[in-house]
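Below: one structure, written as structure tokens.
The values are calculated or read from the model by the stated rules, or taken from the named source; none is laboratory data. Computed from a predicted structure; not experimentally measured. Cβ placement follows ideal geometry from the backbone for every residue including glycine, while neighbour counts extend to all protein chains displayed.
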Amino acid sequence: APVTAQGGTPPAGDDVIVLGEVGALTGGQATFGISTRNGIALAVKEANAAGGVKGKKLVVRVYDDQSKPEEAAQAVTRLITQDKVALILGEVASSSSLAMAEKAQAAGVPMITPSSTNPSVTEKGDNIFRVCFIDPFQGFVMAKFARENLKLNKVAVLQDNKSAYSIGLTEVFRQKFAEMGGKITATESYSQGDTDYRAQLTAIKKTQPEGIYVPGYYSEVGIIARQARELGLKVPLMGGDGWDSEKLFELGGSAIDGSYFSNHYSPDNPDERVKKFIADYKADNNGAVPDALAALGYDAARVAIEALKNAPDTSGPALRAAIAKTKDFPGVAGNITLDAKRNAVKSAVVLKVADGKSTYVTTISP
Ligand code: PHE
């Protein structure tokens, strides 16, 4: 199936600056792409209301990659060759961002991923940036929380072997947890889209872990939680940012209660800047509370807009240089300073899942 554009053809010509966006608007990661799109749309609306950039209005060309890396790669090629975008925002899933980064780097078009955390994404080249932390930190956060807060000694891991994100996070968590004196009792794998996890969970149960680290995406994690409970595995599940979706509660029901995951942002943050963002986002999205994807989409778009303002022109090299200078930028998911490797160094929050929602527990700094 071809990639599909959202929102029609943007007006071309000298009076607009066209930005590209690739996201999962359908498929197993659909809530990631939809939230991100809504966050980006809010930032662009605000910039246009304030007069646009360099006397021009901003428009965003959005393609749905259906949660597939191959489609994301195709979409980015289309944005570059047909739509001639100034820069690209996306993706969320690291495997999709990796496929896109290769093309954007080769074409010299800057790309900012709001939320892909696998280290290799920005290693694709000097045109590729991110406004979030990376997984060596995120894996450390949950290992530390498991050891120090939950006081767990023995933990099993269940990874998604189709996801660069999940594989990377598994590796870091295993290493950090062991370094902190914990024992990994088992490491089992599944493939994105699987629906039966009983064999892996049964193998895990035999090793009698006190917790299970499941660094996957919400579509699979919700089902895994239910099947774990059915098999009598009552220990807490732990995960990463990939759990962040309203759908997790729908799929997991009460089976997901008492679990924890690391994330970029919590809407419980009393900061005025965050409160204003939440109110504005709700007003535009039928009262929906923005998740981390929405917050990071908003932040990525604002970093891009700031660079468009600061760069002498909107060519790839000028934009790349302007983005690289991002320093102490006030994001709603934390301040953003890009390091020499084009990554943001930020703290993480740990959230507890209970009664159909996630609640703030603690913040862990690098
Ligand atoms: N960090 C995930 C990845 O790299 C994507 C993600 C970010 C998912 C934030 C949910 C929230 O694949």
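Quick rundown of the values:
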| read-out | value |
| --- | --- |
| Qualifying residues in the stretch 156-166 (those that are touching a helix residue (DSSP H, G or I) at 6+ places or on another chain (Cβ under 7 Å) and touching a residue at least 60 places away in the same chain (Cβ under 8 Å)) - the one nearest to the ligand (Cβ to nearest atom) | Y165 |
| Filter result (surrounded by fewer than 24 Cβ atoms within 10 Å (Cβ to Cβ) and in a loop (DSSP other than H, G, I, E, B)) within the stretch 89-114 | G108, V109 |
| So Y281, is it of a type in the set (F, W, Y), over 19 Å from I88 (Cα atoms) and assigned to a strand (DSSP E or B) | no |
| Filtered residues of the stretch 24-39 (kept if within 12 Å of the ligand (Cβ to nearest atom) and hydroxyl-bearing (S, T, Y)) | T31, S35, T36 |
| Boolean, I128 is closer than 21 Å to V345 by Cβ and buried (at least 24 other Cβ atoms within 10 Å of the Cβ) | yes |
| Residue in the stretch 70-90 that is among the hydroxyl-bearing types (S, T, Y), within 16 Å of the ligand (Cβ to nearest atom), touching a helix residue (DSSP H, G or I) at 6+ places or on another chain (Cβ under 9 Å) and modelled with pLDDT of 95 or more present | no |
| Any chance F177 is touching a residue at least 40 places away in the same chain (Cβ under 8 Å) and either more than 13 Å from the ligand (Cβ to nearest atom) or over 19 Å from W243 (Cβ atoms) (or both) | no |
| Residue list for the stretch 311-366, filter: within 16 Å of N149 (Cβ to Cβ) and assigned to a loop (DSSP other than H, G, I, E, B) | S347, S365 |
| Among the candidates R198, R174, residue that is more than 22 Å from N118 (Cα to Cα) and either out of contact with any helix residue (DSSP H, G or I) (no Cβ under 9 Å at 6 or more places or on another chain) or of a type in the set (D, E, K, R) (or both) | R198 |
| Candidate set: the stretch 31-75, residues that are assigned to a loop (DSSP other than H, G, I, E, B) and touching a residue at least 40 places away in the same chain (Cβ under 8 Å); chosen: the one surrounded by the fewest Cβ atoms within 10 Å (Cβ to Cβ) | K54 |
| Selection within the stretch 99-111 - in contact with a Lys or Arg (Cβ under 7 Å, 6 or more places away or on another chain) and in contact (Cβ under 8 Å) with a residue 24 or more places away in the chain | A101, E102, P110 |
| Output for the stretch 209-236, where each listed residue is within 18 Å of I184 (Cα to Cα) and within 16 Å of the ligand (Cβ to nearest atom) | Y213, V214, P215, G216 |
| Counted residues, the stretch 103-120 - those being within 16 Å of the ligand (Cβ to nearest atom) and either over 16 Å from L296 (Cα atoms) or not hydrophobic (A, V, I, L, M, F, W, C) (or both) | 8 |
| Residues (touching a Pro at 6+ places or on another chain (Cβ under 6 Å) and within 10 Å of the ligand (Cβ to nearest atom)) located in the stretch 121-154 | I134 |
| When residues of the stretch 261-289 are limited to those that are surrounded by 23 or more Cβ atoms within 10 Å (Cβ to Cβ) and either touching a Lys or Arg at 6+ places or on another chain (Cβ under 8 Å) or small (G, A, S) (or both), the one nearest to L351 (Cα to Cα) | S262 |
| Of residues in the stretch 267-299 being of a type in the set (S, T, N, Q) and modelled with pLDDT of 95 or more, the one farthest from the ligand (Cβ to nearest atom) | N286 |
| Selection count where residues are basic (K, R) and out of contact with any helix residue (DSSP H, G or I) (no Cβ under 6 Å at 6 or more places or on another chain), scope the stretch 217-248 | 1 |
| Criterion (under 18 Å from D244 (Cα atoms) and charged (D, E, K, R)) met by exactly one of E91, E123 | E91 |
| Hits in the stretch 205-263 (condition: within 27 Å of T36 (Cβ to Cβ), in a strand (DSSP E or B) and aliphatic (A, V, I, L, M)) | L237, M238 |
| Among (1) within 15 Å of the ligand (Cβ to nearest atom); (2) surrounded by 22 or more Cβ atoms within 10 Å (Cβ to Cβ) - the single one R320 does not satisfy | (1) |
